[in-house]
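The values are calculated or read from the model by the stated rules, or taken from the named source; none is laboratory data. Only a predicted model underlies this, so the values are computations on that prediction, with no experimental measurement involved. Note that we place each Cβ from the backbone using ideal geometry, even for glycine, and neighbour counts take in every protein chain shown. Only protein heavy atoms, including side chains, enter the accessible area calculation; ligands, DNA and RNA are left aside. Shrake-Rupley method; radii C 1.70, N 1.55, O 1.52, S 1.80 Å.
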Amino acid sequence: MGSSDPNPDPDLDSVSRSRTRDAHAVSLVWDDGREETIAVGRGETIVDAAEAAGLSVPYGCLYGACGTCTAQLLEGEVTHVEVPRGLKERARERGFVLACVATPESDCRLRVGHGIQAEVMGTPWK
Amino acid sequence: MSDTGDHAHSHAEHAHEHPDVEGPGYPTPAAMRTESEREKTAYVMAPRVGMEQQGPGFVGIVDVDPQSETYSELVDVVEMPNEGDELHHFGWNACSSSCHAEGLSRQYLVVPGQRSSRIHVIDVEDPRNPEMVKVIEPEEIFEHDLSAPHTVHCVPGGKVVISMLGNADGELPGGFLQLDQDDFTIDGHWEADRGEMEMNYDYWYQPRHDVMISTEWAAPNTYYPGFDLDDVEAGKYGDSIHIWDWESREHVQTLEFGEEGQIPLEVRMSHNPEETQGYVGAALSSNIIRFFEESDGTWDWEVAIDEEPREHEDWDMPVPPLITDIVLSLDDQYLFYSNWLHGDVRMYDVSDMGNPRLVDRIWAGGLFGDRQEVQGTEIRGAPQMLQLSRDGRRLYWTTSLFSTWDNQFYPEIAEEGSLMLKADVFPDEGRMELDEEFLVDFGDAPGGPARAHEIRWPGGDCTSDVWQ
């Protein structure tokens, strides 16, 4: 990782170049059984890569404050490029991540979908 | 950023004329109540954040003219250019507070994204043909170390002031963002000294008495991800309101309610500008609190209405009613409020504001509503954002609160969208009735189901205008 490409394709923007060079395969898994695999470039967020691939995933603030994009890491490793302020410590410990500020460190599988945020928070009084 | 087009200063729907000066509103609350026409159009905020099928939110245009063939239908939408905004509350560039400002018209809706911190400006000079004319991107807001825009009021002096719930990181403190009324450029913070105020939510102001009142929800990164009782225990939710000097823009007093006023959200002062009192709905403790000015110029408060949690067989703990919105009729005679978890909307005679008298209620949806459907459609959610007709004879409401909180309490909204409902109000008889002929199902919105939140009329309404 990190060696420069001697012949960068001038038609590719920097993210696309880094995607072809350093990308990880990220499989997005929905509760209805659908699974899609996308390439996520180094430093690129999973939400940005999903959008670029034309896949609809939930998101709100795009800076890690709001939790709408909460996803469950099933396999692999991700890091947050900004502090995931909208994610409780107890949820982080259980393998939940915020896809809008998460970038993969390895190939990985993530469970995504609108209901995960509420699943993590639970329903008060119930 | 796109820019505003030419400023046509023609009059918006329902503008009035004085003999010598024209302005965007009405000279008194009674003038608005009696001289305006019946509402024909409703603007409804419709977010699509956290839906099973996520998409851009929109401002919905709902036909509320019973003479129209498309009555009770969503007839058009103004779709936002981005996803993730969470459209929530919105407001006008001008209202009755600028009644005598010649050349100004109630023409632009200022439409914030609560989650994205993006602010949109929509030209509704033609009420049924709105046009997006400007978008202020989140980065421009964050430069002022603010985020999470909420309540929008036009204020005298050619400005628009928006309550902001967080700083650029979605943490505390919040503040107030001031925009220029002419071109919607950002002036910066409204407040000169926020004192001990950290949390923010709604606000109301009354220039005649040199006062502004602001309320408290929590830090965005606390309430955004959903509601957690541990955060209440940890003191991360509000229990106070703040008194500001309107002229000097300084924080002057905090009214701390403690357990009697947890999460004080919507605030309404009397429409009569002579009055120095109002109500705030404390959502979690489910109290209506009256605040008032004392003879020495300080402010005090008392619990005016106190509701109790209720046992439900499917829930582990007694469930609070959760008062999420309140609205005062333009003649200050009736208070309406919604209990979003219990599922009722209540009507109180508040002709003596310190002694409210319950006169009627409607159950529709929620955990305890005996009516769970209208026209064969399941009521997804429960009474939430309210809007009253100017003449006080029709009460409309929507059933979604906030995407993440909806998904915890009423997850079916994420799949099928929420509703807009209506009751006929009989102020002379002190009662109201659900209008079963009226139903707008945002589950049928073009492009997929949506939530439905705040409602406004062209020409102003019971929560938009302030009289000096």
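For the condition closer than 20 Å to B:Ala282 by Cα, under 19 Å from the mean Cα position of the chain (by Cα), surrounded by fewer than 24 Cβ atoms within 10 Å (Cβ to Cβ) and at pLDDT 95 or above, what is the one hit in B:Tyr201, B:Tyr205, B:Tyr237? Break it down stepwise before answering.
On the way: B:Tyr201 fails: surrounded by fewer than 24 Cβ atoms within 10 Å (Cβ to Cβ); B:Tyr237 fails: under 19 Å from the mean Cα position of the chain (by Cα).
It is B:Tyr205.
So if I check each of B:Glu139, B:Glu69, B:Glu131, which one is surrounded by fewer than 22 Cβ atoms within 10 Å (Cβ to Cβ), within 14 Å of chain A (Cβ to nearest Cβ) and either within 23 Å of B:Asp444 (Cβ to Cβ) or among the charged types (D, E, K, R) (or both)? Before the answer, list the steps.
Values: B:Glu69 fails: within 14 Å of chain A (Cβ to nearest Cβ); B:Glu131 fails: within 14 Å of chain A (Cβ to nearest Cβ).
Exactly one of B:Glu139, B:Glu69, B:Glu131 is surrounded by fewer than 22 Cβ atoms within 10 Å (Cβ to Cβ), within 14 Å of chain A (Cβ to nearest Cβ) and either within 23 Å of B:Asp444 (Cβ to Cβ) or among the charged types (D, E, K, R) (or both), namely B:Glu139.
Among what's in segment B:256-271 and is assigned to a strand (DSSP E or B) and either more than 22 Å from the chain's Cα centre (by Cα) or of a type in the set (Val, Ile, Thr) (or both), pick the residue that is surrounded by the fewest Cβ atoms within 10 Å (Cβ to Cβ).
First, pick out the residues of segment B:256-271 that are assigned to a strand (DSSP E or B): B:256, B:264-269.
Subset that is either more than 22 Å from the chain's Cα centre (by Cα) or of a type in the set (Val, Ile, Thr) (or both): B:256, B:267.
Values: B:Glu256: 11, B:Val267: 23.
If we take residues in segment B:256-271 being assigned to a strand (DSSP E or B) and either more than 22 Å from the chain's Cα centre (by Cα) or of a type in the set (Val, Ile, Thr) (or both), then B:Glu256 is surrounded by the fewest Cβ atoms within 10 Å (Cβ to Cβ).
Please work out which one of (1) within 17 Å of B:Val161 (Cα to Cα); (2) of a type outside the set (D, E, K, R); (3) open to solvent by less than 10 Å² (accessible area, probe 1.4 Å); (4) more than 12 Å from every other protein chain (Cβ to nearest Cβ) is the condition B:Met80 fails and give its number.
That leaves (1) as the condition not met.
Within segment B:92-118, take every residue that is open to solvent by less than 10 Å² (accessible area, probe 1.4 Å) and within 14 Å of another protein chain (Cβ to nearest Cβ) and give me the one that is farthest from A:Cys100 (Cα to Cα).
B:Pro112
When you check B:Val303 against the structure, is it of a type outside the set (Lys, Arg), part of a strand (DSSP E or B) and loosely packed, with under 15 Cβ neighbours inside 10 Å, yes or no?
Against the criterion (of a type outside the set (Lys, Arg), part of a strand (DSSP E or B) and loosely packed, with under 15 Cβ neighbours inside 10 Å), B:Val303 qualifies.
Sort through B:Asp300, B:Asp370, B:Asp296 and tell me the only one that's more than 23 Å from A:Trp125 (Cα to Cα) and free of Cβ contacts under 8 Å to residues at least 40 places away in the same chain. Steps first, answer last, please.
Working: B:Asp300 fails: free of Cβ contacts under 8 Å to residues at least 40 places away in the same chain; B:Asp370 fails: more than 23 Å from A:Trp125 (Cα to Cα).
The unique qualifying residue is B:Asp296.
Do we find a residue being surrounded by fewer than 17 Cβ atoms within 10 Å (Cβ to Cβ) and more than 27 Å from B:Val267 (Cβ to Cβ) anywhere in segment B:380-388?
Looking for residues that are surrounded by fewer than 17 Cβ atoms within 10 Å (Cβ to Cβ) and more than 27 Å from B:Val267 (Cβ to Cβ), one finds none in segment B:380-388, hence no.
Given (1) in contact (Cβ under 8 Å) with a residue 12 or more places away in the chain; (2) among the acidic types (Asp, Glu); (3) closer than 22 Å to B:Asn200 by Cβ, where does B:Asp123 come up short, assuming only one miss?
(3)
Could you please find all residues in segment A:41-71 being in contact with an Asp or Glu (Cβ under 7 Å, 6 or more places away or on another chain), open to solvent by 10 Å² or more (accessible area, probe 1.4 Å) and more than 9 Å from chain B (Cβ to nearest Cβ)?
Residues satisfying the conditions are A:Arg42, A:Leu55.
As an exercise: evaluate B:Leu358 against (1) open to solvent by less than 10 Å² (accessible area, probe 1.4 Å); (2) within 26 Å of B:Phe292 (Cβ to Cβ) and give the number of the one condition it does not meet.
(1)
Name, by its number, the condition in (1) open to solvent by 10 Å² or more (accessible area, probe 1.4 Å); (2) away from every other protein chain (no Cβ under 14 Å); (3) assigned to a loop (DSSP other than H, G, I, E, B) that does not hold for B:Leu172.
(2)
With respect to the numbered conditions (1) part of a loop (DSSP other than H, G, I, E, B); (2) at pLDDT 95 or above; (3) away from chain B (no Cβ under 14 Å); (4) within 12 Å of the chain's Cα centre (by Cα), which one is the sole condition not fulfilled by A:Ile38?
Answer for A:Ile38: the failing condition is (1).
When the residues of segment B:154-169 are filtered to those that are within 21 Å of the chain's Cα centre (by Cα) and open to solvent by 10 Å² or more (accessible area, probe 1.4 Å), which remaining residue is farthest from the other protein chains (Cβ to nearest Cβ)? Quick ask: steps written out before the conclusion?
First, pick out the residues of segment B:154-169 that are within 21 Å of the chain's Cα centre (by Cα): B:154-156, B:159-166.
Filter again for open to solvent by 10 Å² or more (accessible area, probe 1.4 Å), leaving B:156, B:159.
Details: B:Pro156: 33, B:Lys159: 26 Å.
Here the answer is B:Pro156.
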